[in-house]
1. Let's see if you can work this out: charge +1 on each Lys and Arg Cβ, -1 on each Asp and Glu Cβ, no other charges. What is the dipole magnitude of the chain about its Cα centre, in debye to the nearest 20?
2. Roughly how far apart, in whole Å, are the Cα centres of the range 88-127 and the range 130-144?
3. So what's the back-of-envelope 222 nm ellipticity for the chain, counting only DSSP H runs of four-plus at -39500 (n - 2.57) apiece and dividing by all residues, rounded to 500?
4. Once the dipole of the chain is set up with Lys and Arg at +1 and Asp and Glu at -1 on Cβ about the Cα centre, which of 84, 202, 269 lies farthest towards its positive end?
5. In square angstrom, what is the accessible area per residue of the range 214-276 with a 1.4 angstrom probe?
6. What trypsin sites (Lys or Arg not before Pro) does the range 136-223 have in DSSP loop regions with at most 13 other beta carbons within 10 Å?
7. On the accessible surface of the range 77-167, probed at 1.4 Å, how many percent belong to carbon and sulfur atoms?
8. Note down the Stokes-Einstein diffusion coefficient of the range 11-146 in µm²/s, whole number, using a Kirkwood radius over alpha carbon pairs, 10 °C, and 1.306 mPa s.
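The values are calculated or read from the model by the stated rules, or taken from the named source; none is laboratory data. The shown structure was predicted, so the numbers you read here are calculated from the model rather than taken from an experiment. Virtual Cβ from ideal backbone geometry, glycine too; neighbours counted across all protein chains shown. These accessible areas exclude ligands, DNA and RNA; they are computed on the full protein's heavy atoms, side chains included. Shrake-Rupley method; radii C 1.70, N 1.55, O 1.52, S 1.80 Å.
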Amino acid sequence: MSFAHSDTDQVVLALDFGGTKTALTVADARSGTRIRDLTVDTDPDLKRAVGAARTLLAGREPLAVGVSTIGIPGPDGVALADNIPGWDRLPLARELGEEFPESAIRVANDVKAAAAHECASGALAGCDPGLYVNLGTGLAVALVVQGTVLTGRHGASGEIGYNLRDLADVGRTDRAPLEDAVSGRALQQGLVTSEFTRELAFHLVNLTIAVDPERIAVGGGMVRSWKALHDPLRAALDAAVPRPPQLVPAAHPYDAPLLGALALAVEAARPDTSAP
């Protein structure tokens, strides 16, 4: 039996699963206007997130659920999400579909969802190509070309947290990846150091030379230390890149992944006008 939505039930739900926190919002399905937000600790079995969602929904059923998550969501698990135990075996879209059977479910990687939002209405609007850099609990980037976020063959494009750090890393399987040294998780005290910015600049300069972006937008929790990040990164780009790009904070540095998930939900909730 299908669920009949009245005008007051026209809402969508968006969730952003981070390594430590999950952000949620319920919004108007037509305009995308956020009605109420909530943040809870991320848990491996979704119970806390689903409970928070039910609190926000207040008895309503969403037309659609948009999700952004760390890692690469697939039909049988979320790859590259090692800091959430068991997520490699969690069929995220299917589990949420069982919790919200009347809702369209859309799931995307968090950094790519954030880049799509910044491209549509943020710091990367009109940029071709544009580069989104996420400096949060983890480290990743997303490349936007002609308004499209590149996903790669396996959905893993931009996972620079796995970059080699040294020539001695070549061919090793027991190496420490870049994310272990360059991420919010790596800075236990939350202070941006010169060593941190030098290593980040080394990889960002090489990536910029390869891509030649018009603009680099930086998002994530570490943007709170933008002054400490901007000056050494700006200097490194200007010194080494043949045509240095603009370097700016993201328009929504802290909640672009959630806004990207919300955009997925709003799009999924729109009536299908293709049928005759």
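1. In total the dipole reaches around 380 debye.
2. Value for the Cα centre distance between the two parts: 15 Å.
3. On the way: 6 runs with 78 residues, N = 276.
Taking each H run of at least 4 residues, the total per residue is -9000 deg cm²/dmol.
4. 202
5. 51 Å²
6. Those that pass, being in a loop and sparsely packed, are 153, 172.
7. The computed percentage sits at 51.
8. Value of D from the Cα-based Kirkwood radius: 103 µm²/s.
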